[in-house]
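Here, each number is a calculation from the coordinates, and none is a lab measurement. In this text the structure is predicted, and so the values were computed from the model without any measurement. Reconstructed Cβ throughout: ideal geometry from the backbone, glycine too, with neighbour counts over all protein chains shown.
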């Protein structure tokens with residue numbers, strides 16, 4: 001099953017859950033179930049955005065977007081994180097209000113509806129599980145996994161309320177705890193998205209090891225002005241100045257450059273590499289290494 005098909009399946013499951021859970025929340029007077037409805041609506045929005053982003057990444061590069069549309073997944077992930085934080089904030093406000101002003105909760109209804117929601121959310125999350133690092137899919141998965149955890153907590157609270165006939169405060173307390181947990185995960189993913197947009201070096205790439213790998217290639221004397229960044233959570237690019245030994249011909253230099261690409265491509269997950277091959281180290285200015293003379297410096 002393709003990534004798009006899995007997202008569509010998860011969206012169908014999530015949409016079917018929203019209506020039934022909303023009715024259950026009204027019948028049970030449950031803030032926790034209502035919070036779950038809010039999260040599931042956010043899930044649906046996240047999955048729609050994820051689907052759009054997946055289709056955008058399949059579009060061919062253009063003259064104005066020479067790297068294609070890989071950044072669409074990061075922008076979508078960031079938008080989804082915003083949705084997560086807004087929804088959890090609204091849930092937290094309602095939960096605090098219910099803690100201060102408790103109402104009777106039908107624990108049996110809460111437990112049944114939460115149990116169904118747990119099963120559906122867990123199934124939808126499993127549909128999206130994959131080995132890729134795609135941040136867009138990971139954020140959508142966070143939505144669903146967070147809801148599965150929330151539904152489990154609500155189920156537990158519903159059983160306790162039903163069994164004891166008391167402790168209705170557990171209902172908003174559980175929704176508040178889950179909201180805080182999901183918000184923290186959302187902040188972590190937001191930071192990761194911003195790092196990619198700022199073209200930071202990937203956290204799991206050891207730049208010193210990358211430089212060593214390049215200099216270990218026959219014909220390479222040294223490497224400098226190396227930049228490694230992410231176009232998306234799955235596509236990485238690199239540029240560097242590579243000083244070659246001796247004074248090779250253009251054909252010989254190209255062979256060395258091809259060897260370097262083979263050496264670093266798979267081990268460091270570099271999808272696109274651009275090298276400036278030099279016979280001697282270029283002159284470095286005090287302001288910016290290998291800067292082009294006359295251009296503004298940061």
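Structure above, values below:
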read-out: Residue of 156, 73, 31 that the Gaussian network model of the chain assigns the largest fluctuation, springs spanning Cα pairs under 10 Å; value: 156
read-out: Label zone at residue 163 (point 7 Å along Cα-to-Cβ), backbone N below 20 Å, the range 108-122; value: 108-119
read-out: Computed P(r) (all Cα pairs; the chain; 10 Å bins; percent); value: 6, 23, 23, 17, 13, 9, 6, 2, 0
read-out: Principal-axis tilt of helix 170-197 within the chain, Cα atoms, nearest 10 degrees; value: 10 degrees
read-out: Likely footprinting exposure, 43, 204, 195, fewest C-beta neighbours within 10 Å first; value: 204, 195, 43
read-out: Label-point separation in nm, residue 58 to residue 4, each point 7 Å along Cα→Cβ; value: 0.2 nm
read-out: Gyration tensor (alpha-carbon) shape descriptor, the range 130-284, a/c threshold 1.5; value: prolate
read-out: Extent along principal axes [Cα atoms of the range 29-133; Å; largest to smallest]; value: 62, 27, 18
read-out: Highest average packing first - 117-123, 58-64, Cβ atoms within 10 Å; value: 117-123, 58-64
read-out: Part-to-part distance (alpha-carbon centres) for the range 168-187 and the range 1-74, which is given in Å; value: 21 Å
read-out: Which of 194, 149 has the fewest Cβ neighbours within 10 Å, and the rest in rising order; value: 194, 149
read-out: Shape call, the range 207-278: gyration tensor on alpha carbons, a/c limit 1.5; value: prolate
read-out: Förster radius 35 Å - calculated FRET efficiency between residue 194 and residue 245 (Cβ-Cβ, nearest 0.05); value: 0.30
read-out: Label-point separation in nm, residue 212 to residue 12, each point 7 Å along Cα→Cβ; value: 5.1 nm
read-out: Pairwise label distance in nanometres, residue 184 with residue 279, each label 7 Å out on the Cα-Cβ vector; value: 6.0 nm
read-out: For the range 10-145: relative contact order, % (alpha-carbon pairs under 8 angstrom, 6 or more apart); value: 38 percent
read-out: Computed E for residue 204/residue 112 - FRET, C-beta separation, R0 41 angstrom, nearest 0.05; value: 0.40
read-out: Taking 176, 250 and counting other C-beta atoms within 10 Å, the order from fewest to most; value: 250, 176
read-out: Rg/Rg_globular for the range 181-249, with Rg_globular taken as 2.2 N^0.38 Å and Rg from C-alpha atoms; value: 1.50
read-out: Between helix 135-164 and the chain: long-axis angle, C-alpha atoms, 0 to 90°, nearest 10; value: 20 degrees
read-out: Between 0 and 90°, nearest 10: helix 107-128 axis offset from the chain longest Cα axis; value: 20 degrees
